[in-house]
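> Take a look at the following structure, please.
The values are calculated or read from the model by the stated rules, or taken from the named source; none is laboratory data. Note that this is a predicted model, so its numbers are computed, not measured. No Cβ is skipped: glycine too gets one built from the backbone with ideal geometry, and neighbour counts run over all protein chains shown.
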Amino acid sequence: MMQRARRIGFGLFTTLAIVGSAGHATAADDRFEVSSIKAVKATLVETAAALQQGNVAKAKEAFDNYDSAWNGVEVYIATRSKPMYDKIELDLQARINKEMDAPMPDLTKLRADIQEMLGKYDEAIDMVSKATPLDPLYDDIAHLRIVRSHLREVTPALKAGNLAKARKSYEAFDANWDSIEDLIKARSADAYVTIEKDMIQIEQALMPDKPDVAKVNALVAEITTQYNASLAKVVQEARAKK
């Protein structure tokens with residue numbers, strides 16, 4: 001893992017303006033809400049293809065990728081239609097996960113469920129494409145959640161003993177941090193500094209062949225706490241505008 005120099009400061013950068021302006025395009029497909037939700041569909045298509053091949057392990061990996069990507073954009077669906085959100089996450093996703101985790105997964109059932117989920121997901125895409133844009137703060141929420149999704153993968157990967165996955169996921173979080181750091185900084189300068197410092201330590205802790213897993217997990221937990229506190233403030237601001 002290549003360690004990069006980090007900066008700790010309080011000057012405003014152009015990133016906030018870029019992130020905050022997402023969603024102002026006139027064409028529906030150019031809106032960040034629509035493009036990001038459409039992008040997630042690819043992971044469901046990969047899951048369906050793996051199930052058609054009878055490769056449950058590959059399907060589980062693709063569906064895990066879906067879950068991570070969905071966590072970033074689900075705020076749009078939950079805000080626009082609670083019934084659709086419940087159907088996609090609490091019904092279909094829960095059913096598929098349960099069947100995949102069974103000792104002998106039922107491929108016929110899984111194939112039917114993933115096709116139903118693809119159909120429902122297409123309905124969600126159609127819904128957001130035709131809807132009036134939400135307040136730009138919802139794009140900020142989605143950006144924050146999308147970047148955070150990579151960090152959320154680190155601890156489970158370490159628990160599974162998959163150091164390569166943990167490093168890859170952390171590197172993805174690190175690479176995308178600059179795109180949203182001003183959203184954090186604007187809500188809490190202290191949270192911003194803490195996260196930056198902890199990120200340096202995680203980079204260093206993940207370098208050895210046998211990293212200190214407990215230390216990495218503790219640092220990830222601290223970053224997550226600070227990050228989520230700032231995210232909650234953005235959510236509160238968005239809801240106050242409804």
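> Within the stretch 126-144, track down each residue that is buried (at least 17 other Cβ atoms within 10 Å of the Cβ), within 19 Å of Ala42 (Cα to Cα) and over 17 Å from the mean Cα position of the chain (by Cα).
Passing the criteria: only Val128.
> Let me ask you something else. Any residue at all in the stretch 215-230 that is crowded, with 18+ Cβ neighbours inside 10 Å, farther than 17 Å from Asn71 by Cβ and of a type in the set (Val, Ile, Thr)?
Within the stretch 215-230, one or more residues are crowded, with 18+ Cβ neighbours inside 10 Å, farther than 17 Å from Asn71 by Cβ and of a type in the set (Val, Ile, Thr).
> Just wondering, is there one or more residues in the stretch 156-177 that are of a type outside the set (S, T, N, Q), touching a Phe, Trp or Tyr at 6+ places or on another chain (Cβ under 8 Å), surrounded by fewer than 20 Cβ atoms within 10 Å (Cβ to Cβ) and not in a loop (DSSP other than H, G, I, E, B)? Break it down into steps so the answer makes sense when it comes.
Looking only at the stretch 156-177, we keep the residues that are of a type outside the set (S, T, N, Q), and these are 156-161, 163-168, 170-175, 177.
Subsequent filtering for residues that are touching a Phe, Trp or Tyr at 6+ places or on another chain (Cβ under 8 Å) retains none.
Among the residues of the stretch 156-177, not one is of a type outside the set (S, T, N, Q), touching a Phe, Trp or Tyr at 6+ places or on another chain (Cβ under 8 Å), surrounded by fewer than 20 Cβ atoms within 10 Å (Cβ to Cβ) and not in a loop (DSSP other than H, G, I, E, B), which makes the answer no.
> Among the residues of the stretch 109-124, write down those that are exposed (fewer than 15 other Cβ atoms within 10 Å of the Cβ) and of a type in the set (Val, Ile, Thr).
None - no residue of the stretch 109-124 is exposed (fewer than 15 other Cβ atoms within 10 Å of the Cβ) and of a type in the set (Val, Ile, Thr), so the list stays empty.
> Given (1) surrounded by fewer than 18 Cβ atoms within 10 Å (Cβ to Cβ); (2) outside any helix (DSSP H, G or I); (3) in contact (Cβ under 8 Å) with a residue 12 or more places away in the chain, where does Glu89 come up short, assuming only one miss?
Among (1) surrounded by fewer than 18 Cβ atoms within 10 Å (Cβ to Cβ); (2) outside any helix (DSSP H, G or I); (3) in contact (Cβ under 8 Å) with a residue 12 or more places away in the chain, Glu89 violates only (2).
> Hey, among Ala186, Ala142, Ala218, which residue is at pLDDT 95 or above and either touching a strand residue (DSSP E or B) at 6+ places or on another chain (Cβ under 8 Å) or under 16 Å from Ser36 (Cβ atoms) (or both)? If you could, list the steps in order and put the result at the bottom.
Working: Ala186 fails: either touching a strand residue (DSSP E or B) at 6+ places or on another chain (Cβ under 8 Å) or under 16 Å from Ser36 (Cβ atoms) (or both); Ala218 fails: either touching a strand residue (DSSP E or B) at 6+ places or on another chain (Cβ under 8 Å) or under 16 Å from Ser36 (Cβ atoms) (or both).
Exactly one of Ala186, Ala142, Ala218 is at pLDDT 95 or above and either touching a strand residue (DSSP E or B) at 6+ places or on another chain (Cβ under 8 Å) or under 16 Å from Ser36 (Cβ atoms) (or both), namely Ala142.
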